[in-house]
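Worksheet for the structure shown next.
The values are calculated or read from the model by the stated rules, or taken from the named source; none is laboratory data. Just so it is clear, the structure is predicted and the values come from calculations on it, not from any experiment. Neighbour counts are summed over all protein chains in view; Cβ atoms, including those assigned to glycine, are modelled from backbone coordinates with ideal geometry.
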Amino acid sequence: MSVLVNKDSKIIVQGFTGSEGTFHASQMIEYGSNVVGGVTPGKGGQTHLEKPVFNTVQEAVDKTGADVSIIFVPPAFAADAIMEAADAGIKVIVTITEGIPVKDMMAAKPYARKKGATLVGPNCPGVITPGEAKVGIMPGFVFKKGNVGIVSKSGTLTYEAADQVVKAGLGITTAIGIGGDPIIGTSTKEAVQMLMEDPETEAIVMIGEIGGNYEAEAARWVKENGNKKPVVGFIAGQTAPPGRRMGHAGAIIGGAEDTAEAKMKIMAENGIHVVNSPADIGETIKKALA
């Protein structure tokens, strides 16, 4: 049992023949992910990385039975790519593209949901179930199989958390990079919920950042549902000044609950093991599982 992706996932790459799509698709194939083809309009019928290229997602789904898509399409066209994947019946849509216009995402997010698809991202590193499938841009070698789930708004901190967990002698069930844009498909709470319901996941690392209320919402949900599994939490941006956007488009302190301090307080009040530094993640999760 894994969350979102596994060895049986049939993955297609939208924006397959572009430089980003080519580079990361080849890494995914090398990792052992079951990439069954890709989509680049106008290049259907060709072969790329020894996989078939299709003009449309529907054609790719009809020919390969694909159920997962990863999107490397320029920002102006990415929302259309999301909706096309949802239309074709893709169940998990991982959107790597950064900087998709907010108004486009306001249309694409509910559209994907209405079609029954789980949208991860945009502006995210993707999803990995170690040893089974890497659908994203993360360095696969950092992740080893185990019993800890990771949910993170930050790409690099996802890898840091994974490294910490592995160095503590543990491993990872699934890591979900939810993305740092203002509008993302899967919230922290929804990702935590998936891992809480996964029988193989025994503990969860939750990495957030300043801005928005995702972490507070997730922390309250964890407590309301009886703190069934230990959760270790870290918030990036502890020294960030209010009103200044920090790296991610969604990382801006707008209200009282948006600061790192406020989020850490809410998390602690709801039974989450809060760490002040990512360097403490490994040891804290080990103690929480002891």
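Restricting region 249-284 to residues that are touching a strand residue (DSSP E or B) at 6+ places or on another chain (Cβ under 7 Å) and under 13 Å from GLY212 (Cα atoms), which is surrounded by the most Cβ atoms within 10 Å (Cβ to Cβ)? The selected residue is LYS263.
Rundown of residues vs (1) among the acidic types (Asp, Glu); (2) buried (at least 17 other Cβ atoms within 10 Å of the Cβ); (3) within 20 Å of GLY126 (Cα to Cα); (4) without any contact (Cβ under 8 Å) to a residue 12 or more places away in the chain, yes/no style:
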residue	(1), (2), (3), (4)
HIS48	no, yes, no, no
PRO52	no, yes, no, no
GLN58	no, no, no, no
ASP62	yes, no, no, yes
PRO74	no, no, yes, no
ALA81	no, yes, yes, no
VAL102	no, no, yes, no
MET105	no, yes, yes, no
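Let's see how each residue does on (1) β-branched (Val, Ile, Thr); (2) more than 27 Å from ALA66 (Cβ to Cβ); (3) assigned by TED's automatic domain parsing to the domain that holds GLY18:
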{"residue": "VAL94", "(1), (2), (3)": "yes, no, yes"}
{"residue": "PRO110", "(1), (2), (3)": "no, no, yes"}
{"residue": "PRO125", "(1), (2), (3)": "no, no, no"}
{"residue": "GLY131", "(1), (2), (3)": "no, no, no"}
{"residue": "ILE150", "(1), (2), (3)": "yes, no, no"}
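Within region 207-244, the residues that satisfy the criterion of being among the aliphatic types (A, V, I, L, M), part of a helix (DSSP H, G or I) and closer than 18 Å to PRO182 by Cβ are ALA216, ALA218. Taken over region 165-182, the residue count meeting the criterion of being surrounded by 18 or more Cβ atoms within 10 Å (Cβ to Cβ), modelled with pLDDT of 95 or more and in a loop (DSSP other than H, G, I, E, B) is 4. Of the residues examined, ILE252 is not one that is touching a Pro at 6+ places or on another chain (Cβ under 9 Å) and at pLDDT 95 or above. Against the conditions (1) of a type outside the set (Ser, Thr, Tyr); (2) under 22 Å from SER26 (Cα atoms); (3) outside any helix (DSSP H, G or I); (4) without any contact (Cβ under 8 Å) to a residue 60 or more places away in the chain, where does ILE150 fall short? Just the number, please. Checking ILE150 against (1) of a type outside the set (Ser, Thr, Tyr); (2) under 22 Å from SER26 (Cα atoms); (3) outside any helix (DSSP H, G or I); (4) without any contact (Cβ under 8 Å) to a residue 60 or more places away in the chain, the one that fails is (2). Look at (1) in contact with a Leu (Cβ under 7 Å, 6 or more places away or on another chain); (2) free of Cβ contacts under 8 Å to residues at least 40 places away in the same chain; (3) surrounded by 24 or more Cβ atoms within 10 Å (Cβ to Cβ) and you find that ALA162 fails only one, number (1).
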